[in-house]
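In what follows, a single structure is set out as structure tokens and then discussed.
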Amino acid sequence: MTKTRTRALLALPAVALAGLLAACGGGDGGGSSTPPPAQKSTAPAGATRVTADLADFRITLSRQTFTPGTYAFVATNTGHHDHALEVEGPGGENRSSTVSPGESTTLTVTLKDGKYEVYCPVDGHKDLGMKTEITVAGAPVNKPGTPTSPSSPSSPGNGY
Ligand SMILES: [Cu+2]
């Protein structure tokens, strides 16, 4: 009367894990040592995650230099006033929704070569110090970096 059940289900977790591992591993150009938790993905696939801390009245980004590509700015309001994040530069401007203290929002922006101003567009906060500048330069994230070698000028003519 006893039936042995084939435990085919045991094979599943390993497969799921392998799929997860293959899914991450995006290009990380900077020196962030803490990998983001692979839990909920509010950002589209392929976007590099950047955190933006919106305090009273200062914006702190997890990185200052960028290579062209798509970024998901995860803005968290750590202050006591409503704040928002605006990224303005080549290619236009992008504004996040306004976030209440303690809340966070994600702003996805595609950055091109150039300089961008990152600030809080809420009343006068920019002038109170909620602004910073970022630089976008170099090879796209998904390509291996091409070294920027300044063409060496002809060697000084000492004797010939
Ligand atoms: Cu603000």
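Numbers below:
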quantity	calculated
Accessible area expressed per residue, region 46-141, with surrounding protein chains retained (probe 1.4 Å, Å²)	47 Å²
Extension gain (nm, one decimal) between T78 and S62, 0.36 nm per residue minus Cα-Cα	4.3 nm
Estimated distance in nm for a label pair at E103 and D127, the labels positioned 7 Å out from Cα along Cα-to-Cβ	2.6 nm
Separation of the A139 and E93 label points, Cα + 7 Å toward Cβ, nm	3.5 nm
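The values are calculated or read from the model by the stated rules, or taken from the named source; none is laboratory data. Treat the numbers as computed from the prediction; the structure is a model and nothing was measured. Here the Cβ is made from the backbone with ideal geometry for all residues, glycine too, and neighbour counts use every protein chain on show. Protein only, heavy atoms only, side chains kept; ligands, DNA and RNA dropped before computing areas. Shrake-Rupley method; radii C 1.70, N 1.55, O 1.52, S 1.80 Å.
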